[in-house]
Structure formats: structure tokens, C-alpha cells
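The values are calculated or read from the model by the stated rules, or taken from the named source; none is laboratory data. Given the structure is predicted, the values throughout are model-derived calculations rather than measurements. FYI the Cβ positions are ideal-geometry reconstructions off the backbone, even for glycines, and counts take in every protein chain you see. Note: accessible area is taken over every heavy atom of the protein model, side chains too, but ligands, DNA and RNA are not part of it. Shrake-Rupley method; radii C 1.70, N 1.55, O 1.52, S 1.80 Å.
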Amino acid sequence: MAIEISFGQYLPLNSSIHRLDPRIKLIATFISIIFIFIIKDFLGYALLACFLLGLIILSKVPPLYIFRGLRPLLFFILLTFFLHLFTTQGTVIFQWWFLKGTMEGLRNGLLMVSRFMLLISFSTLLTLTCSPLELTDALESLLSPLKRIGFPSHEIAMMMSIALRFIPVLVEETNRIIKAQVARGADIESGGILNRAKNLIPILVPLFINTFKRADDLALAMEVRCYRGGEGRTKMKEYTLSHRDYLFLFISIIVGILSVLI
Amino acid sequence: MPSLIELRDVWYQYNPNSPLSYWALKGINLKIERGEFISIIGPTGSGKSTLIQHFNGLLKPTKGEVIVDGIEISKTKDLKSIRKKVGMVFQYPETQIFSETIYDELAFGLRNYGYSEDEIREKVEEVTKKLGIDYIPLDKSPFLLSGGEMRRIAIASILAMEPEVFVLDEPLANLDPKGRKELLKEIDYLNRKESLTVIIVSHDLSEVSRYADRIIVLFDGTIIMDGSPREIFKNVEKLLEISLGVPQIVELLYTLHKKGADIPYNILNIDEAVKTIVKWRKSLGNRDKLRTISTS
Amino acid sequence: MSIEVKNLSFSYEGNPVLENITFCVNSGEFLGIAGPNGSGKSTLAKCLNGIFSPTKGEVIVDGISVADKSKQWIVRQTVGLVFQNPDNQLVASVVEEDVAFGPENLGIPPSIIRERVQYALERVGLINERKRLVSTLSGGQKQRVAIAGILAMKPRYIVLDEPTSMLDPIGRKEVLSTVLQLKEEGVGIVYITHHLEELVYADKIVLLYGGKIFKEGTARDILTDEDTLKRIGLDIPEIPALALKLKKLDIKFNKIPLTVEEMVNALLD
């Protein structure tokens with residue numbers, strides 16, 4: 001009944017990965033994701049997985065956190081696997097009722113699963129080691145060249161940062177409202193699709209109303225603290241790239257290329 | 001007849017098998033009888049909210065048994081009927097309001113339990129009288145009401161289901177003194193006149209202790225005190241140590257006691273404090289007089 | 001140096017909310033404002049830093065009228081506002097990042113922002129929590145982060161609108177003692193509440209009722225005036241209530257005690 005969420009959660013630790021420049025981490029994650037899509041065989045994925053494992057160890061993040069990031073998507077991952085297993089044409093290795101599992105299907109399925117798991121793990125590691133503000137600072141800084149053509153990079157970054165800040169608050173609030181309505185005899189898990197949608201009204205309506213109220217309060221609090229958009233704003237954190245940052249980016253690219261070539 | 005609610009060695013763990021796991025309840029034994037007015041007190045994080053969610057099966061114990069009116073909640077399939085018996089009002093209940101009219105909001109629970117529209121109308125009208133909100137037209141939108149009125153509507157929506165026990169989590173939070181007093185009086189009335197069992201959760205002893213006939217103090221997932229307000233106030237030192245709001249008059253008499261005054265400090269209201277202090281001053285006066293006589 | 005409120009009236013969508021309010025807060029002074037719900041307390045708070053402009057009369061902050069929009073940022077920096085709900089006023093996820101938000105908006109150089117954040121977090125006793133996630137803090141800690149976020153802008157006055165109404169007793173104590181310490185350091189405090197026990201250390205109290213000043217005076221004047229408080233639906237704190245009853249029974253006090261400590265001293269004298 002309760003919703004758990006690990007994506008977008010920052011784990012403040014003091015590690016060499018945490019200390020890396022967030023821009024570099026963001027770029028390196030993007031690069032890894034691109035390579036994940038290019039790679040087409042297991043050896044490449046294995047190499048990337050080893051790289052990921054190394055990073056997790058260096059980051060001091062308990063591996064369980066990465067797993068928690070995967071868990072909500074487990075159903076989706078399994079579904080993809082079985083879809084590939086049963087829909088790919090090729091040598092039949094087993095048959096169950098009208099479903100035929102093929103060798104090629106097994107291979108494709110496992111590749112897709114590896115791809116998903118790596119994708120999610122890399123991005124989870126990014127959000128666990130960068131605070132939302134660092135992440136959005138990095139995004140804003142990387143997008144800033146686009147400002148000249150009128151792209152609202154500051155506004156987008158600010159919106160993202162606030163969204164991430166309020167994820168835990170909203171998750172807690174949703175759980176509380178669900179419990180409150182269940183305590184009033186509401187059924188939220190039974191009935192057909194139409195009924196279920198109707199059953200969501202007592203949860204979604206208060207959630208929207210409370211969220212608007214929060215947004216109102218927050219806007220006022222920001223105004224009181226002299227927020228007036230990105231113009232003339234400074235940042236507490238100054239990001240300067242060190243040798244370690246360049247080294248990390250270099251290693252990431254090399255590992256990526258190696259895993260494609262292997 | 002079995003107790004209304006009984007907990008036998010109840011343990012509850014959040015986030016089992018995760019780096020964030022912790023025990024919120026550690027071996028709770030508790031019996032709640034019909035007609036009691038209980039206040040569950042404890043600092044933030046002591047497990048109060050976790051505890052009350054066991055009363056209606058929103059949470060099930062990791063270890064131990066919760067028995068509501070003879071039915072064990074971990075074994076029954078029919079939690080819905082337990083949730084009707086145990087009416088639960090969450091913190092800031094006005095934030096769960098969703099209906100277009102006050103009537104629909106009050107009827108929501110009753111509709112979930114399949115009452116006929118005639119019965120619902122009757123019960124809705126009755127509950128608005130009980131909580132002193134019958135002056136508000138029922139076809140009005142609940143969102144146009146004041147904060148205090150919205151709180152009452154939300155509380156009434158639970159009460160309309162005619163629970164046997166009424167559990168309220170911090171029902172007074174954020175209300176002004178007048179609103180707090182009125183609400184407490186109405187809940188007290190329901191307890192005395194309609195023999196509704198009431199459980200109020202709070203982190204402040206000062207207000208609720210005037211009405212509750214039993215106080216349960218929770219600390220770090222265990223019950224550290226359970227008794228009448230007068231018994232509880234004997235342990236003022238401990239209450240102050242764990243930063244619970246203690247009535248100032250109790251704190252005052254306790255401080256005087258510590259400084260050598262031979263007075264009780266487990267008092268319940270200002271009049272008792274007045275009597276205690278006057279009596280103590282008189283005894284001091286007599287002693288002073290005796291001393292003057294003996295020295296002269 | 002002061003916030004001067006002169007004959008302030010404010011209407012919202014044609015309905016009068018505040019009528020003819022006059023008072024003054026100096027830096028280093030603690031002014032309490034109390035009144036039941038709906039008495040216009042929160043609206044008054046928003047008038048003090050120009051979020052709302054007076055419909056009639058004026059509010060002058062260190063010589064600047066809050067109605068002067070060209071100076072609105074100076075006014076907002078001078079008069080900081082802390083609200084009731086600790087969750088809804090923190091912008092960033094990490095403590096120090098949130099505290100930096102105000103100074104960043106003011107365009108202050110990064111090295112000075114870091115100094116200010118350090119200073120502000122030390123003031124509220126949260127320097128060791130600077131890297132923590134806001135979502136893991138207690139209510140009282142969150143509220144102190146909010147105060148630090150205002151302090152980092154170096155305001156001369158802080159207006160707190162029911163800052164403790166959503167906190168537990170520990171949180172209340174934390175916030176109140178932080179506020180009292182800031183007063184000692186010369187910050188002017190406007191503290192809005194309906195918990196009158198929190199105002200025993202106030203230099204002045206203004207009672208608001210139906211948008212008008214019902215009565216004003218020293219803490220001792222106001223907190224011992226049982227009839228007035230009752231008439232506007234507020235509770236006299238327990239200690240003065242007890243003292244008044246004892247006085248009727250011929251126990252004499254030089255001045256009616258307001259706190260447990262004062263009462264103990266008076267009785268043991």
C-alpha cells in the first residue's frame with residue numbers, strides 16, 4: 001500500500017565520487033547511457049557492470065540503495081524479458097502451452113534486462129552522489145550556452161531542484177492520505193478499472209489541493225527571500241574542474257569504448 | 001467480554017531488510033477497555049502514530065498479536081469491519097477532504113459501508129448536531145470553511161460511521177485556544193454521555209490531561225508509564241527529561257518540592273494548586289510563629 | 001532604526017482585514033502579537049515587509065516606506081519573514097544549500113555567501129547538520145533552518161508568523177530560545193502566536209481582534225489581564241492565572257509572576 005521511492009534521493013556521504021564535479025558526473029552518466037545503447041553483447045555489459053561496481057565501492061553507497069532503485073521497476077524488467085523470450089523468432093528451446101521460448105529470444109531478453117538494469121543503476125548512482133541542487137546547478141551550467149537563444153535554463157533547473165526537494169514530502173503525504181481514506185472504509189485495490197479510477201478521486205483531489213497550497217506557501221517564502229529569477233543571482237558553490245575530474249571523464253570514455261570494442 | 005483492543009508483545013519494524021530499517025515498537029502490551037478516555041503521550045519519534053495504526057489494521061505487527069473486539073487483525077480477512085469499529089482521525093484531517101459538498105464528505109465513510117441514502121441522511125444530520133456544526137449548510141463546499149470548521153467536518157466524517165472507539169492523532173494541533181477548548185469539550189461529552197471510547201494522541205500533557213482518565217507514555221517504542229494523570233504526574237522528573245509538555249503548575253509545585261517544600265505536586269488543575277500552596281504557606285507560617293515564640 | 005506602523009489599514013478584495021493599526025518595533029526589541037484565528041495576524045505580518053502594501057496609512061522600515069516598489073528588495077532583506085509550516089518554506093534539499101538561497105538571490109559573491117551560511121547556521125545551532133537532508137530533520141530543526149535562511153540575509157528585523165504552532169514541545173523550546181538569543185544580539189523580533197506562554201519574555205504585546213488593536217502593553221500588563229484575554233478567546237497562561245487566584249487569598253506579590261522561575265522566587269521569598 002505504501003509507496004517507496006529511491007530514485008532522486010541523495011545520500012550525503014564523503015567519498016571521492018561525491019567530491020567529483022557534478023557536471024563531470026552528469027556528462028559521464030550521459031556517456032555511459034549512450035554506450036549502454038550502443039553495446040550489443042554480454043562481454044561489453046560485463047565490463048560496464050564491473051566499472052559500475054568499482055564506482056559503487058568508491059562512493060561508499062551501500063549496494064542495497066542501488067537495488068532499491070531497481071525494485072519498483074522489477075515488474076517492467078521481467079515483462080520485457082518475457083516479451084523478448086516469447087516473441088523472437090528462432091530455435092525453439094522449450095514450449096509451454098502456445099508460448100514458444102527461443103534461444104535468440106533468451107539472448108535478446110537477457111540483453112534487454114542487462115541494459116535496463118545498468119541504465120537505472122548508473123542514474124541511481126548519479127542521484128545518490130549528487131545533491132539535487134548540485135545536479136541542477138550542473139544542468140544549468142551545461143545548458144547555459146543555450147541561454148543566448150532564449151532557452152530558460154535557470155528556470156528549468158530551479159523547477160527540477162524544487163521537484164526533487166518535494167518528492168519525499170509528497171510521497172509521505174500520499175501515503176498519509178491513502179491511509180486516511182482507507183481508515184474511512186475506502187477500497188482502493190479492488191474492482192474493475194473504472195471503479196479503481198473512481199476510487200482514486202478521494203486520494204488525488206486532496207493531494208492536488210494540498211500541493212497547490214504548498215506551492216503557494218513556497219512561492220511566498222521564495223519571494224520573501226528576495227528571489228527574482230536567475231538575473232543577477234550568484235551561487236554559493238563554485239565549481240572548478242580538477243585533474244581528478246578530467247581523469248574520471250577520461251576513464252569513463254575509455255571504459256565505454258573498450259566495452260563496445262570487446 | 002474481551003477487551004476492546006488488546007496488544008500482546010507487539011513489535012513493528014519499518015523498512016525491513018534495508019539499510020534504513022528500524023524498530024518503531026518494541027514489545028508493546030496494552031489493554032483498552034470500553035468507555036475509557038485515554039491519552040497516548042510521547043515525544044516525536046516515540047512510535048505513537050505507528051502504535052495507533054495497529055488499532056485498525058493499517059499496520060500489522062512484525063511480531064506479536066493485535067486483537068480488536070476478539071478478532072486478531074493479522075488473521076482476519078475482514079479488516080473493513082474493524083476499521084468501522086475503530087474510527088481513526090489522522091493529523092491535520094482537514095487535508096484529506098475531497099468532496100464537493102459537506103454532505104458528501106460526511107457521507108463518504110457511510111457509503112463505503114453500504115448504508116441506504118435515508119440512513120446516511122439521518123446519521124449525517126445527527127453527527128453535525130453532536131459536533132456543533134449544524135449551523136453550516138450541508139450543500140456548501142467544505143473548501144469555503146475556516147480551518148477550524150474544516151477540522152470539525154473531517155472529524156465528523158469519521159464520527160458519522162459510529163465507531164466504537166474514536167482514535168485522534170493530535171486533533172488540537174494548529175487550532176487556537178478557543179477552538180481547542182471547544183473540540184476537547186465535545187469529545188469529552190461524547191465519552192461521558194455516549195460512552196464512546198476515546199484515544200487521543202498528543203505530545204503535550206497540559207491540555208488533554210484535564211479530560212483523560214488514563215495516560216500512556218510512550219518513549220522509544222516502549223510504554224514507560226501507564227496510569228491515571230495523578231499517577232503519571234508523580235514522575236514529573238522523567239516527563240521533563242524526555243521533553244514532554246508538562247502543565248506549568250505541575251512544574252511549579254515540583255520545583256518548590258525539590259527546594260524543600262513538603263507538598264504533593266501531582267495536581268490536576270489550578271484550584272488544586274491554589275489549595276496546595278495556601279496550605280503549605282499556612283504550615284510555614286505556623287512554623288515561623290512557633291520559631292518566634294521559642295526564640296522570644 | 002525601527003519598523004513604524006502608522007494608521008495601517010488593509011483591505012483584501014474589498015473586505016477590511018486590518019483597521020487603523022499603529023505600533024513600532026525597534027531593533028533589539030521583542031514585540032509579541034497575539035490574537036485568535038481570523039484576527040488578521042498573518043496579514044499584518046505580510047504588511048511588515050511589503051508583500052502587501054497598505055490600503056491606508058503606512059509602514060516604514062528604517063526610513064523607507066514599504067509601498068515604495070523601487071526599494072522593495074531592500075525592505076525584504078531588512079525584514080525577514082518566517083512562516084508556520086516548516087516543510088513549505090525550505091527551497092533546497094540540503095541544509096546549507098537552503099540557507100544560501102537568500103544570499104544567492106541578493107547576488108553576493110560566493111566566498112561571502114559561505115561566510116554568511118556558516119554564521120547563520122552557528123547562530124541557530126545547526127552548524128553540525130549543514131550537510132544533512134532537510135527531509136531528515138525534526139520540525140524544530142527545519143524551523144531553525146528557515147530562521148538561518150533569513151539570518152544569512154543579515155536582516156535587522158525578523159517577523160515570525162506562528163513559528164511553533166506545528167512543532168512539539170522540544171521544537172518550541174528550540175525555536176523560542178533561538179529567537180530570544182537573536183533579540184539579545186540586536187535583531188528586532190515580531191513574534192506572532194496564540195500561545196501566550198511564549199510571550200512572557202516580550203518587551204511589548206499587541207492584542208489583535210477583528211483586525212484592530214484590542215489592547216497593547218508590557219508582557220506583564222497583558223498576560224495578567226484575564227478579562228481582556230478571555231473576551232478575545234485567548235487563555236491566560238497558568239502561572240499568572242494561579243498568581244491572580246493566590247492574590248485574592250491574600251498572598252502578596254510585588255509584581256504578578258509570569259514564569260515558573262519568577263513564581264518560585266516570589267513564593268520562597
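Which is the longest run of chain A containing none of the GluC sites (Glu not before Pro) found in DSSP loop states (not H, G, I, E, B) with at most 14 other C-beta atoms within 10 Å?
On the way: sites that count: A:4, A:189, A:231, A:238.
It works out to A:5-188.
At 7 Å along the Cα-to-beta-carbon direction for both residue B:3 and residue C:112, put a label point, then send me their distance in nm to one decimal.
6.4
Take every residue in peptide A:59-65, count the Cβ atoms of other chains within 10 Å of its Cβ, and give the average of those counts. Provide the component values of the computation, followed by the final result.
Numbers: counts 0, 0, 1, 3, 1, 4, 3.
Taking all residues of A:59-65 together, the mean is 2.
Label points 7 Å out from Cα along the Cβ direction at residue B:118 and residue A:78: separation in nm?
Result for the modelled spin labels: 5.0 nm.
Just how far, in whole angstrom, is region B:40-104 from region C:9-42 if you go by their alpha carbon centroids?
Cα centroid of region C:9-42 versus Cα centroid of region B:40-104: 41 Å apart.
Roughly what % antiparallel, to the nearest 5, for the DSSP beta bridges in region B:150-243?
Of all bridge pairs located within region B:150-243, approximately 50 percent are antiparallel.
With charges set only on the Cβ (+1 for Lys and Arg, -1 for Asp and Glu), what does the dipole of the protein assembly as shown come to about its Cα centre, in debye to the nearest 20? Let's see the in-between values first.
Numbers: 98 positive and 96 negative charges, 252 e Å.
Computed about the Cα centre, the dipole is about 1220 debye.
So if R0 is 22 Å, what FRET efficiency would residue B:220 and residue B:17 give, r being the distance between their Cβ atoms, rounded to the nearest 0.05? Could you put the intermediate results ahead of the total?
On the way: r = 22 Å, r/R0 = 1.01.
That pair, residue B:220 with residue B:17, gives E of 0.50.
What does the accessible area per residue of region C:58-128 come to in Å², with a 1.4 Å probe and no ligands, DNA or RNA counted?
Values: 2360 Å² over 71 residues.
Accessible surface, normalised per residue, equals 33 Å².
Place a label point 7 angstrom from the Cα of residue C:212 along the Cα-to-Cβ direction, then list the residues of region C:24-50 whose backbone nitrogen is under 18 Å away.
Residues C:34-41, C:44 qualify, since their backbone N sits under 18 Å from the label point.
Excluding ligands and nucleic acids, what accessible area in Å² is computed for residue B:197 using a 1.4 Å probe, to the nearest 10?
Using a 1.4 Å probe on the heavy atoms, I get roughly 0 Å².
Return the single residue from B:172, B:110, B:240 with maximal mean-square fluctuation; model: Gaussian network over chain B, springs between Cα atoms under 10 Å.
B:240
Would you mind telling me which residue in C:50, C:188, C:125 has the biggest mean-square fluctuation in a Gaussian network model of chain C, where springs connect alpha carbons within a distance under 10 angstrom?
Sorting by GNM fluctuation, first place goes to C:125.
Report relative contact order for region A:37-132 in percent, whole number only (criteria: Cα-Cα under 8 Å, sequence separation at least 6). All intermediate terms of the calculation are to be shown ahead of the outcome.
Details: 85 pairs, mean separation 29.4, N = 96.
Over region A:37-132, the number comes to 31 percent.
Would you rank C:170, A:203 by solvent-accessible area, highest first, keeping every protein chain in place and using a 1.4 Å probe? Display every interim value, and only then the final one.
Numbers: C:170 65, A:203 10 Å².
In descending accessible area the options line up as C:170, A:203.
Report the A-C buried area as the accessible area lost on both sides summed, probe 1.4 Å, in Å² to the nearest 100. Don't jump to the answer; show the numbers that get you there.
On the way: alone 16650 and 13110 Å², together 26480 Å².
It comes to approximately 3300 Å² buried between A and C.
Can you give me the P(r) profile for chain B? Cα pairs, bins 5 angstrom wide beginning at 0, each as a whole percent.
The calculated distribution, bin by bin, is 1, 5, 11, 14, 15, 14, 12, 10, 7, 4, 3, 2, 1, 1, 1, 0, 0, 0.
Among the listed pairs C:173/C:248; C:69/C:215; B:178/C:215; B:193/C:212; C:41/C:154; B:238/C:183, give every one whose C-alpha distance is greater than 30 Å. Kindly include the intermediate steps, with their values, before the conclusion.
Numbers: C:173/C:248 32 Å; C:69/C:215 32 Å; B:178/C:215 19 Å; B:193/C:212 40 Å; C:41/C:154 24 Å; B:238/C:183 32 Å.
From the list (C:173/C:248; C:69/C:215; B:178/C:215; B:193/C:212; C:41/C:154; B:238/C:183), the Cα-Cα distance tops 30 Å for C:173/C:248; C:69/C:215; B:193/C:212; B:238/C:183.
What is the ratio of the Cα radius of gyration of the protein assembly as shown to 2.2 N^0.38 Å, where N is its residue count, to two decimals? Can you show the working numbers first?
Values: Rg = 30.5 Å, N = 827, 2.2 N^0.38 = 28.3 Å.
Rounded to two decimals, the normalised Rg is 1.08.
Could you tell me the number of lysine pairs in chain A with C-alpha atoms less than 25 Å from each other, where the two lysines are 8 or more residues apart or belong to different chains?
Going through chain A pair by pair, I get 12.
Go through A:156, C:228, B:267 and say which Cα lies farthest out towards the positive end of the charge dipole of the protein assembly as shown; charges sit on Cβ, +1 for Lys and Arg, -1 for Asp and Glu.
A:156
Would you compute, from DSSP H runs of 4+ residues alone, the mean residue ellipticity of chain C at 222 nm, taking -39500 (n - 2.57) per run and dividing by the full residue count, rounded to the nearest 500?
Values: 10 runs with 99 residues, N = 269.
Using -39500 (n - 2.57) per qualifying helix, the result is -11000 deg cm²/dmol.
Determine the shielding of peptide B:98-106 by partner chains: average, over its residues, the number of Cβ atoms on other chains within 10 angstrom of each Cβ. Provide the component values of the computation, followed by the final result.
Numbers: counts 11, 3, 1, 0, 0, 0, 0, 2, 0.
Mean partner shielding for this stretch: 2.
Just how large is the dipole of region B:5-246 about the Cα centre, in debye to the nearest 20, putting +1 at every Lys and Arg Cβ and -1 at every Asp and Glu Cβ?
On the way: 32 positive and 38 negative charges, 110 e Å.
The calculated dipole for region B:5-246 is roughly 520 debye.
Positive end of the charge dipole of region B:94-211 (Lys, Arg +1 and Asp, Glu -1 on Cβ, about the Cα centre): tell me which of B:107, B:157, B:131 has its Cα farthest that way.
Checked the options; the winner is B:131.
Counting only DSSP beta bridges with both residues in the protein assembly as shown, what percent are antiparallel, rounded to the nearest 5? Numbers along the way, then the final one.
Numbers: 45 of 82 bridges.
The answer is about 55 percent antiparallel.
Taking Cα centroids, how far is region A:62-125 from region B:173-201 in Å?
Rounded to whole Å, the Cα centres lie 56 Å apart.
Which net charge results when you count Lys and Arg as +1 and Asp and Glu as -1 among the other residues whose beta-carbon is under 12 Å from that of residue B:258? Write out the running numbers ahead of the final one.
Values: positive: B:259; negative: B:237, B:251, B:262.
Every neighbour counted, the sum reads -2.
Just C:204, C:245, C:131 to compare: in a GNM of chain C, with alpha carbon springs under 10 Å, which one fluctuates most?
Residue with maximal mean-square fluctuation among C:204, C:245, C:131: C:245.
Go ahead and estimate [θ] at 222 nm for chain A from helices alone: -39,500 (n - 2.57) per DSSP H run with n ≥ 4, summed, over the residue count, rounded to 500. Don't skip to the answer; put the middle values down first.
Details: 11 runs with 181 residues, N = 262.
So the calculated ellipticity at 222 nm is -23000 deg cm²/dmol.
Taking 0.36 nm per residue of sequence separation and subtracting the Cα-Cα distance, how much length would be gained by fully extending the chain between residue A:58 and residue A:71, in nm to one decimal? Write out the running numbers ahead of the final one.
Details: separation 13, 0.36 × 13 = 4.68 nm, distance 2.27 nm.
Contour length minus the Cα-Cα distance gives 2.4 nm.
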